[in-house]
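Enquirer: Below are the structure tokens for one structure; questions will follow.
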Amino acid sequence: MTAQPTPSRPSPLPHRWVSLALVLVLAALAVVAIVPAYFSGQWPWVNTPQVAQIDQLRTLRAEGLALPGWQLTSTEPIAINGHTWTLGEYRASSPAAPVQQFALLLYPQPWHSDQPQVEWVDLAGAQKWRIESRQWLRVAASPGAGPVSAKFFRAWGDRQSFAVVQWYALPGGGNPSPSHWFWANEWSQLTRRALTPWVAVSVLLPMQSLDAIADYQPQAQQLTALIQQQLTDTVFN
């Protein structure tokens, strides 16, 4: 009786290559972080990473955001679930503008160690909003600011309906998810030993109860692009 050949075991070589590749990637990341520090003499572990724009964020909280083409008619602090937002009310400088007024709620990062924590839940609860027509609002990058992906929806309050746009503004663009900031912050710490600043933004466009939210999309996109650019120019830079 002829003996059957013993099946050969898979070679462990591919696993070794995977491990080696992982080591090389980690080593490359370490080089990116450490080599600049070697030449500058500023080692990453000496100082705790901080937000370089913390003073600009404090000014934004106190004074609100100036927007070209709009008059900032009032600015006041609003306490929402233990957090202090800045409420600004705007009126169009031109009577021919398609939107004559809107409100802007800003929650700038209070301190270096503070992280975004889905402030949208606090805001919706405090306003007792009933929300419908949820969708994404996307704004392409411009020479002055990065691209923005924002939440866009209709919110019904006790007295007023709004077309609402919400996102976290960052130096490189905007997104409503805290995880978007997390990965940007990780990369910033690794490459520049600095924390990524953020501002929670909520735009409220007054609308009639029977209007379609699609009618407000062009104005919402224009305001989103304008606000992101102004934050980039006055706070993040």
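The values are calculated or read from the model by the stated rules, or taken from the named source; none is laboratory data. Since the model is a prediction, treat every value here as computed from it, not as a measurement. Here Cβ is always computed from backbone atoms with ideal geometry, including for glycine, and neighbour counts include all displayed protein chains.
Enquirer: For the range 199-220, which residues satisfy the criterion of being of a type in the set (S, T, N, Q) and either surrounded by 23 or more Cβ atoms within 10 Å (Cβ to Cβ) or not assigned by TED's automatic domain parsing to the domain that holds Q166 (or both)?
Expert: Result: S202, single match.
Enquirer: Determine, yes or no, whether V201 is assigned to a strand (DSSP E or B) and closer than 17 Å to A66 by Cα.
Expert: Against the criterion (assigned to a strand (DSSP E or B) and closer than 17 Å to A66 by Cα), V201 qualifies.
Enquirer: Given the criterion in contact (Cβ under 8 Å) with a residue 60 or more places away in the chain, of a type in the set (S, T, Y), assigned by TED's automatic domain parsing to the domain that holds E63 and not in a helix (DSSP H, G or I), identify the matching residue among T224, T196, T232.
Expert: T196
Enquirer: I'd like the full set of residues that are more than 26 Å from N185 (Cα to Cα), surrounded by fewer than 12 Cβ atoms within 10 Å (Cβ to Cβ) and small (G, A, S), limited to the range 106-159.
Expert: G125
Enquirer: I need the full set of residues from the range 109-132 which are of a type in the set (S, T, N, Q) and either within 25 Å of Q56 (Cα to Cα) or at pLDDT 95 or above (or both), in order please.
Expert: Result: Q109, S113, Q115, Q117.
Enquirer: Pull out all pairs, ordered by first then second residue, where Cβ-Cβ is under 7 Å, the residues are six or more apart or on different chains, the first lies in the range 120-140 and is of a type in the set (S, T, Y), and the second is surrounded by fewer than 12 Cβ atoms within 10 Å (Cβ to Cβ) and in a helix (DSSP H, G or I).
Expert: So the pair list comes out empty.
Enquirer: Here's a follow-up. Here is a list of conditions, (1) within 16 Å of A52 (Cβ to Cβ); (2) assigned to a loop (DSSP other than H, G, I, E, B), and D211 meets all of them except one; can you say which number that is?
Expert: The number of the failed condition is (1).
Enquirer: Select from the range 160-191 the residues that are hydroxyl-bearing (S, T, Y) and assigned to a helix (DSSP H, G or I) and write down the one among them that is surrounded by the fewest Cβ atoms within 10 Å (Cβ to Cβ).
Expert: Of everything passing the filter in the range 160-191, S179 is surrounded by the fewest Cβ atoms within 10 Å (Cβ to Cβ).
Enquirer: Report, by residue number, each residue of the range 76-111 that is in contact (Cβ under 8 Å) with a residue 12 or more places away in the chain and of a type in the set (G, A, S).
Expert: Of everything in the range 76-111, those that are in contact (Cβ under 8 Å) with a residue 12 or more places away in the chain and of a type in the set (G, A, S) turn out to be G88, A92, S93, S94, A97, A103.
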